[in-house]
Amino acid sequence: RFARKMIRNMFNTISGKKILLLGFAFKKDTGDTRETASVYVAKHLLAERAKVSIYDPKVEHEQIKSDFDYYKALTPGRSFEDCVKVVTDPYKAAEGAHAIAIMTEWDEFKEFDYQKMYDSMAKPAFIFDGRLILDHQKLLKIGFEVYAIGKPYGVKYQNMDDLKVN
């Protein structure tokens, strides 16, 4: 559902668009990727021909690659290297990106300089907070199109399918 909502809110097409996934571990403070939602989201994004970059402070490149193989998340006939970039610098990875998706609730993600990221991104710039850890009002003031996915906290929605923060 998360990936479908991302696609729908990005004008129903993400072909060729760069999307940065922040977090690959299934929860913060661990490198454990068992049953991580990130691989399923990435699989859907790749099926729609998005360019996916992944940043996680603890999960190693080889573990991410292994999970893509294990969960058969790659587009048939394409290699991991063709489809996914595992990055060590989230600011560099945000350059030219169309969207950022928060996949793991790492504390460091709350402290990122989102103004710096926004300034380097393609516009309109989207942020999908899948863990409800960011300051949505601050992000809106920066200029992001903000979508909070998951259980609403501190934001009232009239329609659960319309999770855009206003």
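Below is a table of values for the structure above.
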item	result
Every pair of residues 6+ apart whose Cβ atoms lie under 6 Å, when the first sits in the stretch 48-60 and is in contact (Cβ under 8 Å) with a residue 40 or more places away in the chain while the second is of a type in the set (Gly, Ala, Ser) and open to solvent by less than 10 Å² (accessible area, probe 1.4 Å)	53/93; 56/23; 56/25
Residues of the stretch 119-162 satisfying the condition of being at pLDDT 95 or above and on the phi > 0 side of the Ramachandran plot	143
Any hit, the stretch 111-128, residues being touching a residue at least 12 places away in the same chain (Cβ under 8 Å), open to solvent by 10 Å² or more (accessible area, probe 1.4 Å), within 23 Å of residue 144 (Cβ to Cβ) and touching an Asp or Glu at 6+ places or on another chain (Cβ under 7 Å)	yes
Scope the stretch 1-40; condition of a type outside the set (Ser, Thr, Tyr), assigned to a helix (DSSP H, G or I), open to solvent by 10 Å² or more (accessible area, probe 1.4 Å) and in contact with a helix residue (DSSP H, G or I) (Cβ under 8 Å, 6 or more places away or on another chain); matching residues	2, 4, 7, 37
Of all residues making up the stretch 61-84, the number that are exposed (fewer than 15 other Cβ atoms within 10 Å of the Cβ) and in a loop (DSSP other than H, G, I, E, B)	6
Residues (in a loop (DSSP other than H, G, I, E, B), over 24 Å from residue 35 (Cβ atoms) and aliphatic (A, V, I, L, M)) located in the stretch 100-141	121, 122, 125
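The values are calculated or read from the model by the stated rules, or taken from the named source; none is laboratory data. Worth saying up front: this structure is predicted, and the values here are computed from it rather than measured. As a convention, Cβ positions derive from the backbone with ideal geometry for all residues, glycine included, and neighbour counts pool all protein chains shown. Heads up: the accessible areas ignore ligands, DNA and RNA and are worked out on the full protein's heavy atoms, side chains in. Shrake-Rupley method; radii C 1.70, N 1.55, O 1.52, S 1.80 Å.
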